[in-house]
Amino acid sequence: MTAADIAALVQGELVGCATVEIRSGQTLEKAGPDQLAFWQRKHETELLPSTNAGCVVVDPETPAESRTMIRVRDPRRAFARALRAIIGTGQVESGIDPSASVDAAATLGAGVAVGPLAVVERGASIGEGCVIGAHAYVGPGAILGSDCRLHCGARVHGTSRLGDRVVLHSGAVVGSDGFGLVFEDDHYENFPQVGGVQIGDDVEIGANSCVDRGALDDTRIGAGTKLDNLVHIGHNCQIGRHVVMAAQVGLSGGVVVEDYAVLAGQVGIGDRARVGARVQLGGQAGLLPDKQLEAGGSYWGTPARPLKEQLVRQALANRLPELVKELKRLRARVEELEAS
């Protein structure tokens with residue numbers, strides 16, 4: 001793509017050479033003459049004059065220099081959009097690898113690709129343009145919408161329903177049994193897991209993440225939600241639209257997370273708790289069973305508290321050694337006075 005093509009794509013103002021060819025993207029520090037970079041004014045002030053990038057995406061206030069630039073309101077967002085267009089979508093040739101196992105009763109749409117040693121079970125339905133990677137598995141009766149991608153080793157068990165453009169990275173498992181147990185006398189018995197999983201359009205699930213099927217009703221994940229690697233979604237969880245969860249988040253059964261919530265790494269949420277819309281939960285925060293976080297707030301700590309309150313508590317906790325010393329000194333002084 002040329003710089004002019006990129007400017008048109010991101011609706012930015014082009015400054016400099018319109019015909020410079022861009023073949024990939026890179027950081028300001030490492031970019032070369034055929035690469036695109038972007039400039040974050042607050043963090044990389046000293047790098048802009050010295051970069052060798054063929055074109056730099058900058059903010060509207062950046063003064064013109066003797067280089068090719070594209071001015072936009074949000075350089076990082078525009079750079080990401082341009083880079084997606086430059087590198088393409090990684091199209092895979094359609095067809096079924098000879099080593100794959102595709103049941104005769106499965107339904108495959110036009111342009112589906114099934115990789116080596118992949119398995120598609122009886123009654124599965126795979127929409128057009130899907131890519132089923134090597135060693136991936138689609139269980140009996142599972143349904144995939146169009147243009148889904150299962151990377152190598154991903155698993156979609158039966159009773160799972162995936163919308164369009166869903167991505168499962170390597171090792172992700174959708175539809176395995178939830179952790180349902182009943183205690184009888186002196187031992188545990190399994191509670192039958194007979195629900196399913198419903199996943200909306202444009203959901204992305206990271207490597208080695210697990211989404212359990214519901215016990216009775218379905219587990220649901222709304223459109224546009226993104227799960228990082230090693231995330232666990234327990235049975236019957238109800239996840240809204242455009243939710244983001246970082247690595248090692250763990251949700252117990254029956255948790256509700258409303259639209260646009262953001263959960264940082266290692267957040268843990270107990271049974272039947274509820275996270276309101278647009279809530280932000282800081283790293284390693286914990287929400288106890290049946291508790292609720294009001295919509296729009298920022299929370300941190302275990303148990304999770306409003307961020308400002310938790311920061312005050314943290315500051316006080318850091319002063320405890322000093323306060324203990326002061327308390328001992330005052331106690332000794334009181335004992336001295338009482339003895340006199």
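Quick notes
- Where labels lie 7 Å past Cα in the beta-carbon direction, separation of Glu309 and Asp74 in nm: 3.2 nm
- Here each label is just a point 7 Å from Cα along the line to Cβ, and for Ala8 and Asp177 those points are 5.8 nm apart.
- Among beta bridges identified by DSSP and lying wholly in the chain, the antiparallel ones come to about 15 percent.
- The GNM of the chain, with springs linking C-alpha atoms under 10 angstrom apart, assigns the highest mean-square fluctuation among Gly250, Gly206, Gly32 to Gly32.
- Ellipsoid semi-axes in whole angstrom, largest first, where each is sqrt(5λ) of the Cα gyration tensor of segment 179-334: 36, 21, 12
- Whole-Hz Karplus values for segment 148-156 come out as 7, 9, 9, 6, 4, x, 6, 10, 10 Hz, taken residue by residue from phi with 6.51 cos²θ - 1.76 cosθ + 1.60 and θ = phi - 60°; glycine and proline positions read x.
- Whichever aspartates and glutamates have a C-alpha closer than 20 Å to that of Lys328, once near sequence neighbours (fewer than 8 apart) are set aside: Glu336, Glu338
- Label-point separation in nm, Arg333 to Asp217, each point 7 Å along Cα→Cβ: 6.1 nm
- Share of pairwise Cα-Cα distances greater than 33 Å in the chain is 49 percent (whole percent).
- Reach of Lys291 by Cα under 22 Å, taken over lysines that are not fewer than 8 positions away in the same chain: Lys308
- Within the chain, the longest segment free of exposed loop sites, counting GluC sites (Glu not before Pro) that fall outside DSSP classes H, G, I, E and B and have at most 13 other Cβ atoms within 10 Å, spans 94-293.
- Here's how it looks for Leu108: its modeled amide H is under 5 Å from those of Ile126, which are all 5 or more places away or on a different chain.
- Looking at segment 118-257 alone, DSSP beta bridges between its own residues are antiparallel in about 10 percent of cases.
- Value of Rg to Rh for segment 117-180 (Rh from inverse mean 1/r over Cα pairs, i.e. Kirkwood): 0.94
- Debye intensity ratio I(q)/I(0), log10, segment 3-87, q values 0.15, 0.16 Å⁻¹ (C-alpha model): -0.42, -0.48
- Segment 244-324: Rg to Rh, with Rh as the Kirkwood radius over Cα pairs: 1.04
- Selected from Ile96, Ile132, Ile205 as most flexible by GNM, with the chain as the system and alpha-carbon contacts under 10 Å: Ile96
- Computed over segment 95-305, relative contact order equals 10 percent, with contacts defined as Cα pairs under 8 Å that lie 6+ residues apart.
- Contour excess over end-to-end distance, with Cα ends at Gln40 and Val194 and 0.36 nm allotted per residue: 50.4 nm
- Remark on Arg305: its backbone amide H falls under 5 Å from those of Trp300, a criterion applied only to residues 5 or more positions apart or on other chains, H modelled at 1.01 Å from N.
- At q = 0.12, 0.13, 0.14 Å⁻¹, base-10 log of I(q)/I(0) for segment 18-165 (Debye sum, equal scatterers on each alpha carbon): -0.64, -0.67, -0.70
- Per-residue ellipticity at 222 nm, computed for the chain from helices alone with -39500 (n - 2.57) per DSSP H run of at least four residues, works out to -5000 deg cm²/dmol.
- Among His169, His242, the ranking by other beta carbons within 10 Å of each residue's beta carbon, starting with the fewest, stands as His242, His169.
- For segment 222-229, Karplus couplings with θ = phi - 60° (6.51, -1.76, 1.60), whole Hz, Gly/Pro x: x, 4, x, 6, 10, 10, 6, 5
- Evaluated with a Cβ-only charge set (Lys, Arg +1; Asp, Glu -1), the chain carries a dipole of roughly 1020 debye about its Cα centre, given to the nearest 20.
Every read-out reported here was derived from the displayed coordinates using simple, explicitly stated rules and does not represent laboratory data. Please read these numbers as outputs of a predicted model, since none were measured by experiment. Cβ atoms come from the backbone with ideal geometry, glycine included; neighbour counts cover every protein chain shown.
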